[in-house]
Amino acid sequence: MSKKIWIVLQQREGKLHRMSREAIAAGQQLASALGGTASAVLLSSDGAVAGDVLAYQLDEVLTASDAALADYTPGGYVGALGPAIGAEAPDYVLFPHTYQSVDYVPRLAQETGAALVPEAVSFEVSGEEVIWKRPVLTGKLQARVRVKGGGTVLATIQSGAFPADSAAAGSTQARSLTVGELVVDREILGVEQAGEDEVDLTKADIIVGVGRGVGGPEKLGPVEELARLIGGDIGASRPVIDNGWLPRDRQIGSSGQTVAPKLYLAVGISGAIQHQVGMKGSSCVVAINKDKTAPIFNIAKYGVIGDLHEIVPAINEVLAESQD
Ligand SMILES: Cc1cc2nc3c(=O)[nH]c(=O)nc-3n(C[C@H](O)[C@H](O)[C@H](O)COP(=O)(O)OP(=O)(O)OC[C@H]3O[C@@H](n4cnc5c(N)ncnc54)[C@H](O)[C@@H]3O)c2cc1C
């Protein structure tokens, strides 16, 4: 029987989260490998379809709407999705692996009795069987996971695992999902930026990652200049944050943000596994490091071996000249 795949998209104020598009790509690929259908699911207060979702190659876009879904709450989302999954029995329900899905998807799994595969980075399909790959032990190992028994499987899709631009375009139609009475267990009193310097690196196309090799906060100037010249944001490894050289919202890695820019320029970063976990979904990694055995070179497309304090100013000079 044809497999039914749902992709629950994350959106806020009508804008799709970047990782929603990556989840669409994953859902389309799973549907194609299983010979099934992929449909998007959107939760909102008014049933409006966020962004350009109707312009993807999807079987349909299912909209669950209720005033109680105006803001995200785990009770509202589980209350809307649980009965819909029970009634329509999708085989797989995919979610972008975000702070939001980490908050409510385990509860949804418990509510529906579905199996849960968190943080999937890839899958293989053999016949009707799906084997998922997911990192364990802060990315030191990759586990291959097969779900036993039948029923719906929920899976969250790790950032960068399925590039958003691989999602196929098409055209589709919206259909309303029936939503019963929702019990909202949290009242959102308001949303505030966490700080003036708050940066969402998950949306950045270009990131210049700074490591301990830079040597201290007083030496950050040329690297910041490089980021400015190439239109990038500054990210950092954990020691840079722990030493107080940059604010915590810049940290990339297993205990920081997971990013997937088009270009990741690693400057003075060794490439420890806990850092790689957060940036290996980047389309192109360029590394500058004086140690040619640094692990970052294993995942870098281009590498420069040498002293960053000489190389970065030299690059800046060429870039500045080309922009004159
Ligand atoms: C539970 C746990 C969670 C963690 N979470 C994270 C995380 O989220 N993010 C993270 O990044 N780390 C994390 N870590 C830490 C991680 O293990 C590494 O210690 C850290 O990533 C190393 O940071 P680094 O590459 O900047 O520093 P180092 O490993 O010290 O590397 C510095 C690099 O700079 C190079 N260098 C030095 N001077 C120069 C120069 N003048 N020119 C060019 N190159 C130079 C050196 O050759 C070296 O490769 C975690 C660790 C644990 C145990």
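Nothing in this text is a laboratory measurement; each read-out follows from the coordinates by a stated rule. In this text, all values refer to a predicted model and were calculated from it rather than measured experimentally. Because the Cβ atoms are built from the backbone with ideal geometry, glycine has one as well, and the counts that use them run over all protein chains shown.
A few points about this structure:
- Cα shape, segment 4-176, gyration tensor, a/c 1.5 rule: rounded
- With N counted as the residues of segment 268-324, its alpha-carbon radius of gyration over 2.2 N^0.38 Å works out to 1.25.
- Within the listed set 67, 50, 109, the Gaussian network model of the chain (springs between alpha-carbon atoms below 10 Å) gives the highest mean-square fluctuation for 67.
- Sequence-distant contacts, meaning Cα pairs under 8 Å at least 6 residues apart, place the relative contact order of segment 172-260 at 28 percent.
- Cα gyration tensor shape for segment 201-323, rounded if a/c is under 1.5, else prolate or oblate: rounded
- Net dipole in debye of the chain [+1 Lys, Arg Cβ; -1 Asp, Glu Cβ; about Cα centre; nearest 20]: 1260
- For residue 7, distant residues with modelled amide H under 5 Å away: 39, 40, 41, 94
- Cα centre as origin, Lys/Arg/Asp/Glu Cβ charges: segment 4-176 dipole, Debye: 540
- Just so you know, the Cα atoms of segment 146-266 work out to an Rg and Dmax of 20.2, 58 Å.
- Rounded to 0.05, the FRET efficiency of the residue 129 and residue 88 pair, given R0 = 25 Å and the Cβ-Cβ distance, is 0.65.
- Estimated D of the chain in µm² per second, where Rh is the Kirkwood radius over Cα pairs and Stokes-Einstein applies at 20 °C, 1.002 mPa s: 102
- Proximal lysines to residue 133, defined as alpha-carbon separation beneath 21 angstrom and excluding residues fewer than eight positions away on the same chain: 3, 4, 148, 280
- Of 133, 203, the sequence from fewest to most neighbouring Cβ atoms within 10 angstrom is 203, 133.
- Neighbour count of at most 12 Cβ within 10 Å plus DSSP loop: longest GluC sites (Glu not before Pro)-free window in the chain: 199-324
- Couplings 3J(HN,Hα) for segment 76-81, derived from phi with the Karplus relation 6.51 cos²θ - 1.76 cosθ + 1.60 (θ = phi - 60°), are x, 5, 5, x, 7, 7 Hz, where x marks Gly and Pro.
- Most positive-pole-ward Cα, 84, 314, 137, against dipole of the chain from beta carbon charges: 137
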